[in-house]
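Just below is one structure, and these are the notes that go with it.
The values are calculated or read from the model by the stated rules, or taken from the named source; none is laboratory data. Since we're looking at a predicted model, the values are computed, not measured. Heads up, the Cβs are rebuilt from the backbone with ideal geometry, glycines too, and the neighbour counts pull from every protein chain shown. The protein model used for the area step is the full one, side chains on, heavy atoms only, and it has no ligands, DNA or RNA in it. Shrake-Rupley method; radii C 1.70, N 1.55, O 1.52, S 1.80 Å.
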Amino acid sequence: MTFVDTGEIYYDGEHLKPADYFLALRNGRRIVVDVKDPGIDTAAKTTKPLKISDAERSRLQRFADLYGAELFIAAYVSVASMWLLLPIDSFTHQSTNSHTITLGDAVAANEMSILGDLSMGVMAPLRIDVWAELDQPRTIGKDGHAEFTPGKIILSSGAGPVVTTEDKNIIMFFIQYGHWNLRQDVETIGDQLVRLSMLVEPLQDDVDQDFHIIGWLSQMYSRLFEGRTQNDLGVTALDIAVEPGALVSLIPHDFHSDDLPLWKFEVRPPQIGEGRS
């Protein structure tokens, strides 16, 4: 990926507008991406339709043509931590000399999969069990407060405990940045603490299947980015160090674990004119 809207741009002929990024994909596909903010309708508390003027679209398209690349528009829906990557032809022409796309249509047309985005499924619940050292103080006081020394720590999914570092890192990533609910549980004997557990469970557990969807890789990576650049006081950094291909490397495509089964879904929109199924 290369920034292309920095420095001086020299050209001859009709006006153009440099897009924000140029991406050369491994399959030889070339795309340029311009990033837009759809904004929030504060009255309705919903994301506004994404809009681009005819003039701006023409200038961006000319730049893409000169680059020998396809033109895409990217938008970040902050309320859902969701990135949308939209081919310019997914926008509908309006009588107001503009092209627009609604959030619903944008989700259906989203092509983040070409950058390695996946919808991830895992067996619930995800949990961290912290066992107290039995030979150390662990009495629960009358106020419900207890101090204890952590001993054995076990990470697990609904399939059971995991032991490898890679499996543990994936579970921790899902726990921190997935969209399931977090709750705590304790095991006691009398007034003695035995185990403290943190469980992450699906928002709804009425699906008749082995796994539940915990989120998109791009959503979880966006939450990771927000966590490293913001705190309760506001923005603390504008960027973090990112290696090329970071999205793909979160869950390696050749990942396999008998202890941590995962379901990976690559969602692709229909081609323009094909309709949706």
Quiz prompt | Charged-residue dipole, Cβ positions (Lys, Arg, Asp, Glu), the chain about Cα centre, Debye nearest 20 | solution = 420
Exercise. Return the whole-Å distance between the Cα centroid of region 61-94 and the Cα centroid of region 139-166.
Key: 46
Self-check item: Gyration tensor (alpha-carbon) shape descriptor, region 21-122, a/c threshold 1.5
Solution: oblate
Exercise. Please give the contour-minus-distance gain from THR149 to VAL79: 0.36 nm per residue of separation, less the Cα-Cα distance, rounded to one decimal in nm.
Key: 21.3 nm
Quiz prompt | Volume of the Cα convex hull of the chain, divided per residue and given in Å³ | solution = 205
Quiz item: What longest region of the chain stays clear of chymotrypsin sites (Phe, Trp or Tyr not before Pro) that DSSP places outside H, G, I, E and B and that have at most 14 other Cβ atoms within 10 Å?
Solution: 12-254
Quiz item: Which Rg and Dmax, in Å, describe the Cα atoms of region 121-238?
Solution: 17.0, 50
Quiz item: How many Å² of accessible area per residue for the chain, probe 1.4 Å?
Solution: 60
Exercise. Among LEU71, SER81, THR92, flag the residue with its Cα farthest along the positive direction of the charge dipole of region 49-162, charges on Cβ as +1 for Lys/Arg and -1 for Asp/Glu.
Key: SER81
Quiz item: At a 1.4 Å probe radius, carbon and sulfur cover how many percent of the accessible area of the chain?
Solution: 51
Quiz item: Using alpha carbon coordinates only, what is the Rg to Rh ratio of region 139-200, with Rh defined as the Kirkwood radius?
Solution: 1.04
Quiz item: Which residues make up the longest stretch of the chain that has no trypsin sites (Lys or Arg not before Pro) in a DSSP loop with at most 11 other Cβ atoms within 10 Å?
Solution: 143-275
Quiz prompt | Within region 21-92, percent of DSSP bridges classed antiparallel, to nearest 5 | solution = 65
Quiz item: If you count the DSSP beta bridges with both ends in the chain, what percent of them are antiparallel, to the nearest 5?
Solution: 90
